[in-house]
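In what follows, a structure is listed as structure tokens, so that the remarks can point back to it.
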Amino acid sequence: MTQDRQSAELGHKRVRDLGEDEAAAELARLAAEIAAHDERYYQKDAPSVSDAEYDALRQRNSEIEARFPHLKLAESPSDRVGAAPSEKFAKVRHAVAMLSLDNAFSDDDVRDFVARVRRFLRLGEDVALRLTAEPKIDGLSLSLRYESGDLVHAVTRGDGTTGENVTANARTIADIPQRLAGDPPAVIEVRGEVYMTKQDFAELNARQEAAGKQTYVNPRNTAAGSLRQLDPSVTAERPLKFFAYAWGEVSELPADTQMGMIEAFRDFGFVTNPLMEVFDSVEGLLAHHHRIELERAALPYDIDGVVYKVDDLALQQRLGFVSRSPRWAIAHKFPAEKAMTVLHAIDIQVGRTGAITPVARLEPVTVGGVVVENATLHNAEEIERLGVRIGDTVIVQRAGDVIPQVLGFVPEKRPAGAEPYVFPTTCPCYLQTPIMREANVSGTESVVRRCSGEFACPYQRKEHLKHFVSRRAFDIEGLGDKQIEAFYDDAMLPIRTPADIFTLARRDAENPLQKLKNRDGYGEVSAQKLFDAIEERRTIALERLIYALGIRHVGEATAKTLARAYGAWQAFEQAALKVADGDEEAREEMDALEDIGDAVIDSVAAYFAEPHNRDLVEALAGELTIQEAERPAADTAFSGKTIVFTGSLERMSRDEAKEMAERLGAKAAGSVSKKTNLVVAGPGAGSKLKKATELGIEVIDEDEWFRRTGQ
Ligand code: IVH
């Protein structure tokens, strides 16, 4: 089984069903995944998953840690907030760490939270516990340090310990006082959220669009991007706002309650949220949560929940913190936003491998500030389960930036005569090739349906071409999905096969009628730019080429394994052709490769057995200069060994270490098991090191690794 599949399966296992080894592997996987999401969210301001999905990962990580405390990683995501600050800005260490908040997703989670607080403080039922409730603003947090009333610096959260110095940018925000009013303490760090209103965001995007510039995804990322760029004049042009809701170092507290502090902030000249209130019962908090949820759509800014905080600061002090969040506060998140709209049609989309996905075409509706016109229906079974019919009023949900989903329909609104949807049996392309269902390993029918047209199906061919030019494949600048669609249907200068891309400039030069510069959207300069970009990719690494072919089951990692094993294109092609012809020896040779099994070999064989594909590949290879892959040294001291790198590495990055091991013919694994041959441990190594010692596996440090590898 490949590691990817293994971890995908682990990812679905319930925490209580995990064995110890599985839990360790799952913690490593979650740590890596959470770190990657953190980097996208905090450093690049471009998250790729919804907040709900992200929260679920962190939740799962915490649950596993709670069951197996001894497996908790030294670098556990539970102990970390945010991501390391960007190198662009000077770094500032926070005098008091900027922490995160624990999440509650249901009313019961909130009841548990309050019960926990009461238990911790040993408060009897008869003793009142006051808590504040206020909106959780969807922006980015900022810490403002004032000394003798003057703003001295503004620092982002960063990783919670060290943030980025964005003072020059923060000074351009009108809600942030340069000098505090009233009678502030000698030193005070006021913390809060920088955000952009929905209206300002819409207006900014309209301006961007009018100027032909790229538009932004949502107010939060725009606010973050505006603050975390180097030119204060750009920040000044962006209408950013600030709500003050917390504090860091304070020489003398101006109040003894949370609410009192917020009132003091107001006196110092800050804007605070008007929806903050104090309650003395859980039911009061929940009712306020409900009211704010109803008001949410009408609020001028994005919020994603309600934050509850123990009001009494002496109690906050006693409660303290657990790893990355205070014990005295919690964020009660809102469920994903929903809306009602009409289902006009169900279209069938055909993917690269022929997989058929039904897509709901909807009457445009705004869900959480974004206009939704399409939603996925997954497959025929999902349509049947939902029971939706064309013309129905449906409920759609959008969580974060993920594809909207159809949740169900409203029976009372079903129009008379609406017929059940009949899933097509043929591909929507002009060939009308039959749609087939595959068998699962167990012999049952899979839910995935595929168009059987393969290379003959124009939809699949277009998708293949899009994959071919994609970033991780040929990565041709100026030739993306949109251009492929246009070139495919172009009568004068078409691109229908990968080789056509590399003959484009020749065809353009040879025929006086087929000039790209005369085509819509192109001119002399842009046409030449595209030809140059194509030319640049005429020399290509073998592994990229293998990946670009889009053979089923041959992803980037498999393409790399194949490239490394065969070294040169001719060797790979010959092996593939032999396998396609049923040559047992060639098959065994391929089967011996790490992580390559029957599924990969069968699809490589099927691909090369197809005359059309052979022609396509021949024509393409004739246009290219294919670079040989770096073959692993056949006989190093590390060939065939499994190595685990753990702890922090100082002389190389994790990726670099993995590359090095692979180059030496070894495999870099994520967790320690009996199969591990060597552990390279850096400072801070934890459970993996412990396990290696228990299992009697050889452990060396980074310097020794470099000595042994002779580098
Ligand atoms: S209190 C020690 N109050 O949510 C905890 N945070 O998920 C201090 N946030 O890092 C935070 N609105 O960026 C607090 N009303 C609010 C908030 C709020 C938004 C953000 C803040 C924090 C994150 C935690």
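The values are calculated or read from the model by the stated rules, or taken from the named source; none is laboratory data. Given the structure is predicted, the values throughout are model-derived calculations rather than measurements. For neighbour counting, all protein chains shown are included, and Cβ atoms are generated from backbone atoms with ideal geometry for every residue, glycine included. Surface accessibility is based on the protein's heavy atoms, side chains included, excluding ligands, DNA and RNA. Shrake-Rupley method; radii C 1.70, N 1.55, O 1.52, S 1.80 Å.
Pairs to check: Lys462/Lys482; Lys72/Lys641; Lys13/Lys667. Give those whose C-alpha atoms are more than 21 Å from each other in this structure.
Lys72/Lys641; Lys13/Lys667
Could you go through region 492-508 in sequence order and give the Karplus-derived ³J(HN,Hα) for each residue, using 6.51 cos²θ - 1.76 cosθ + 1.60 with θ = phi - 60°, rounded to whole Hz, and x for Gly and Pro?
Using θ = phi - 60°, the values come out as 7, 9, x, 10, 10, 9, x, 4, 4, 4, 7, 9, 4, 5, 4, 4, 5 Hz.
Say each of Ser603 and Ala95 gets a label point 7 Å from the Cα, pointing the same way as Cα to Cβ; how far apart are those two points in nm?
Placing both labels 7 Å along Cα→Cβ, they lie 5.8 nm apart.
Using 1/(1 + (r/R0)^6) with R0 = 22 angstrom and r between the beta carbons of Val359 and Glu384, what's the FRET efficiency to the nearest 0.05?
Working from the Cβ atoms, E equals 0.85.
Taking amide H positions as placed in the peptide plane 1.01 Å from N, state which residues far from Thr366 in sequence (5 or more) or on other chains have amide H under 5 Å from it.
For Thr366, the qualifying residues are Val372.
With every protein chain kept in place and ligands, DNA and RNA left out, what is the accessible area per residue of the chain? Probe 1.4 Å, answer in Å².
On a per-residue basis, 49 Å².
Over region 366-450, what is the relative contact order in percent, taking alpha-carbon pairs closer than 8 angstrom and at least six residues apart?
23
Given a 1.4 Å probe and the protein chains all in place, what does the accessible area of Met660 round to, in Å² to the nearest 10?
Around 10 Å² of this residue is reachable by solvent.
To the nearest 10 Å², what's Asp256's accessible area with a 1.4 Å probe?
Spelled out: Asp256, probe radius 1.4 Å, area about 110 Å².
Going by alpha carbons, how many degrees (0 to 90, nearest 10) lie between the helix axis of 598-609 and the longest principal axis of the chain?
50
If I ignore ligands, DNA and RNA and count only protein heavy atoms, how much of Arg361 is accessible to a 1.4 Å probe, in Å² to the nearest 10?
70
Spelling out what I want: for every residue of region 450-464, take phi, set θ = phi - 60°, compute 6.51 cos²θ - 1.76 cosθ + 1.60 (Karplus), and round to whole Hz; glycine and proline get x.
Whole-Hz 3J(HN,Hα) from phi for region 450-464: 10, 6, 8, x, 6, 4, 7, 7, x, 5, 5, 5, 4, 5, 4.
If you take all C-alpha pairs in region 129-180, what percent of them are over 12 Å apart?
Value for region 129-180 (Cα pairs over 12 Å): 69 percent.
Hey, any idea what the orientation-averaged projected area of the convex hull of region 496-583's Cα atoms comes to, in nm²?
The number I arrive at for region 496-583 is 7.7 nm².
State the three equivalent ellipsoid semi-axes of region 160-316, derived from the C-alpha gyration tensor as the square roots of 5 times its eigenvalues, in descending order and whole Å.
30, 22, 12
On each of the three principal axes of the Cα atoms of region 647-697, give max minus min coordinate, whole Å, ordered largest first.
28, 23, 13
What's the percent breakdown of Cα-Cα distances in region 158-245 across 5 Å bins, shortest bin first?
P(r) for region 158-245, in whole percents per bin: 3, 13, 21, 24, 17, 11, 6, 3, 2, 1.
Which percent of the accessible area of region 505-638 is formed by carbon and sulfur heavy atoms (probe 1.4 angstrom)?
Roughly 46 percent, rounded to a whole number.
Contour minus end-to-end for Ala298 and His612, with contour as 0.36 nm per residue of separation and end-to-end as the Cα-Cα distance?
Taking Ala298 through His612 to full extension adds about 107.3 nm, to one decimal.
Taking amide hydrogens as modeled 1.01 Å from N in the peptide plane, which residues meet the under 5 Å criterion relative to Ala355, leaving out close sequence neighbours?
Under 5 Å from the amide H of Ala355 lie the amide H atoms of Cys451, each far enough along the sequence or on another chain.
Would you list the P(r) distribution for region 583-640, with all Cα-Cα distances sorted into 5 Å bins from 0 and each bin expressed as a whole %?
The calculated distribution, bin by bin, is 4, 14, 15, 17, 23, 17, 6, 4, 1.
Output ³J(HN,Hα) for region 539-553: one whole-Hz value per residue in order, computed from phi by the Karplus curve 6.51 cos²θ - 1.76 cosθ + 1.60 with θ = phi - 60°, and x for Gly and Pro.
9, 9, 6, 4, 5, 5, 4, 4, 5, 5, 4, x, 5, 4, 6
Using helices alone, I'd like the mean residue ellipticity at 222 nm for the chain: each DSSP H run of four-plus residues gives -39500 (n - 2.57), total over residue count, nearest 500.
Computed mean residue ellipticity for the chain: -11000 deg cm²/dmol.
Specify the inter-centroid distance of region 631-708 and region 431-501, based on alpha-carbon positions, in whole Å.
Using only Cα atoms to place each centre, the spacing works out to 40 Å.
Just for the Cα atoms in region 56-135, what are the lengths along the principal axes, largest first, rounded to whole Å?
The Cα atoms of region 56-135 stretch 53, 31, 23 Å along the principal axes, largest first.
For Asp311, which sequence-distant residues (separation of 5 or more, or a different chain) have an amide H within less than 5 Å of its own amide H, given hydrogens modelled in the peptide plane?
Arg130, Leu131, Thr132
Using a probe of 1.4 angstrom, how much of the accessible area of region 130-206 is carbon and sulfur, in percent?
Carbon-and-sulfur percentage of accessible area, whole number: 45.
Over the chain, what is the relative contact order in whole percent, taking alpha-carbon pairs under 8 Å and six or more residues apart?
It rounds to 9 percent for the chain.
Over the Cα atoms of region 565-702, what Rg and Dmax result, in angstrom?
That works out to 19.4, 56 Å for Rg and Dmax.
At a 1.4 Å probe, what is the % contribution of carbon and sulfur to the accessible area of region 389-455?
57
Which residues among region 17-42 fall inside the zone where the amide N is under 15 Å from a point 7 Å beyond the Cα of Lys674, along Cα→Cβ?
Hits in region 17-42 for Lys674 at 15 Å: 20-22.
For region 371-507, state the semi-axes of the equivalent ellipsoid (square roots of 5 times the eigenvalues of the alpha-carbon gyration tensor), sorted largest first and rounded to whole angstrom.
Semi-axis lengths for region 371-507 are 35, 20, 16 Å.
Relative contact order of region 641-691, please, whole-number percent, based on alpha carbon pairs below 8 angstrom and at least 6 residues apart.
56
Pull out the extension gain between Ala211 and Met436, defined as 0.36 nm times the separation in residues minus the alpha carbon to alpha carbon distance; nm, one decimal.
Using 0.36 nm per residue and subtracting the Cα-Cα distance, I get 76.3 nm.
Using only Cα atoms, what Kirkwood radius does region 523-640 have, in angstroms?
After inverting the mean inverse Cα-Cα distance, the result is 15.4 Å.
Any idea what diffusion coefficient the chain gets from Stokes-Einstein, in µm²/s, Kirkwood Rh on alpha carbon pairs, 37 °C, 0.692 mPa s?
It comes out at roughly 111 µm²/s.
If one computes the Cα centroid of region 297-332 and of region 554-624, what distance in Å separates the two points?
Going from one Cα centre to the other spans 56 Å.
Distance in nm between label sites at Ala456 and Thr161, each 7 Å beyond Cα in the beta-carbon direction?
Spacing of the two 7 Å Cα→Cβ label points: 6.3 nm.
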